[in-house]
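These notes concern the structure reproduced below.
Coordinate-derived values only; no laboratory data. For clarity, every value in this text was computed on a predicted model and none was experimentally measured. Heads up, the Cβs are rebuilt from the backbone with ideal geometry, glycines too, and the neighbour counts pull from every protein chain shown.
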Amino acid sequence: MRVLLAVFALFLLTGAAPKRDWSQTARILPSGAYLIGNPAARVKLVEYASYTCSHCADFSVKSEPVLKRQMIASGSTSLEVRSFIRDRLDLAAAILARCTGPKGFSATSSAIFAAQPQWLERGIEYQQGNAARLAMYPAAAQVRANADGSGLTAMVKARGLSDAAIDACFANQPEIDRIVKLTADAPKEIDSTPTFYLNGKIVPHVGWDQLEPALRKAGAR
């Protein structure tokens, strides 16, 4: 009741309802990609990203304050995230980021990128120290073992995911196939990550410093 009264009071004072924060809106597209923000946004940004890519992590951290908290939040810009899987650790991270669902995907994805130096190093050490044993596992079990060994599983559990939910996500083969298909269906012109498409036109080999002016020129605010 207090919240409703506060919203009503704000409406009376400003003459308008509070603005919607579009950064809190996300959904899975038929392709399997995640769309964050206003589906009708004037500026449509597509990102092919890999969780084990240091340039992708750098972009995520640097762009967050403006891209997500301003441009996407305002409704002027949407971000479509298409996973570009490079290795088993990358796939493990993608499965766990998506396991948090539309409400949690954006924040979990950002958290995974922000902590990349820690879990990636740990994951590589785990792979090297357990190579012979991992080679005997089925492919799906190898991905799950990498998630656990790198600390990625513990990270998403700390964000509220239960063991049962995590088990279900790693057992959901159709969903995993959708993630992998995003890479298989990627245009051949993509030769590195991150690669961006801005309103349908490729913008390759750029970081946030180069992409921000292009977004603003296109109408992002």
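Listed values, structure above:
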quantity	calculated
Protection proxy ranking of 199-205, 80-86 - average other beta-carbon atoms within 10 Å, highest first	80-86, 199-205
Interchain or long-range residues, amide H under 5 Å from S76's placed H	R221
Magnitude of the charge dipole, segment 69-214, Cβ model with Lys/Arg +1 and Asp/Glu -1, debye to 20	240
Highest-first arrangement of 129-135, 212-218, where packing means the average Cβ count within 10 Å	212-218, 129-135
Potential extension, A186-N130 segment - 0.36 nm per residue separation minus Cα distance	17.0 nm
Total formal charge among the other residues, if their Cβ is under 11 angstrom from that of V143, Lys/Arg +1 and Asp/Glu -1	-1
Mean Cβ count within 10 Å, highest first, over the residues of peptides 49-55, 113-119, 90-96	90-96, 49-55, 113-119
Segment 184-203 and segment 108-152: distance between their alpha carbon centers, rounded to Å	26
Förster radius 35 Å - calculated FRET efficiency between A164 and V66, Cβ distance, rounded to 0.05	0.40
Mean Cα-pair separation over length for the chain, i.e. relative contact order, pairs under 8 Å, 6 or more apart, %	27
Amide H partners (placed H, <5 Å) of V203, local residues excluded	F196, Y197, L198
Close Lys-Lys pairs in segment 98-220, where close means Cα under 24 Å and separation is 8 or more or interchain	5
Segment 28-218 shape via C-alpha gyration tensor axes, a/c threshold 1.5	prolate
